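The values are calculated or read from the model by the stated rules, or taken from the named source; none is laboratory data. All values derive from a computational prediction rather than experimental measurement. Counting neighbours? That spans all protein chains shown, and the Cβs are built from the backbone with ideal geometry, glycine included.
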Amino acid sequence: MHPSPDLGSGFNVGILIGFAFVATSFGINYLLALRPLRLYLIDAGYMVALLSVMGAIIAAWR
């Protein structure tokens with residue numbers, strides 16, 4: 001049986017997924033649309049923060 005995940009590991013997995021998938025796909029779209037870097041940082045940062053909180057909640061729940 002696997003050890004149960006804790007709050008910190010869920011948070012870290014959420015950050016990893018946020019940077020690996022969401023931030024990179026946002027980056028490609030924002031580069032092609034010639035949008036400003038500040039807008040990208042706001043939108044991608046929001047999604048990374050959202051996924052990290054979601055990962056922490058799911059890890060604490062299990």
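Cβ-Cβ contacts under 8 Å between residues 6 or more apart (or on different chains), taken from a first residue in region 34-53 that is over 17 Å from Gly14 (Cα atoms) to a second residue that is not aromatic (Phe, Trp, Tyr), are listed as Tyr40/Gly27. Within region 53-62, being β-branched (Val, Ile, Thr) and over 9 Å from the mean Cα position of the chain (by Cα) holds for Ile57, Ile58.
Quick one: is Met1 in a loop (DSSP other than H, G, I, E, B) and either at pLDDT 95 or above or among the hydrophobic types (A, V, I, L, M, F, W, C) (or both)? Spelling it out, Met1 is indeed in a loop (DSSP other than H, G, I, E, B) and either at pLDDT 95 or above or among the hydrophobic types (A, V, I, L, M, F, W, C) (or both). Looking at Leu16, Leu39, Leu34, Leu50, just one residue is part of a helix (DSSP H, G or I), more than 9 Å from the chain's Cα centre (by Cα) and surrounded by fewer than 17 Cβ atoms within 10 Å (Cβ to Cβ), and that residue is Leu39.
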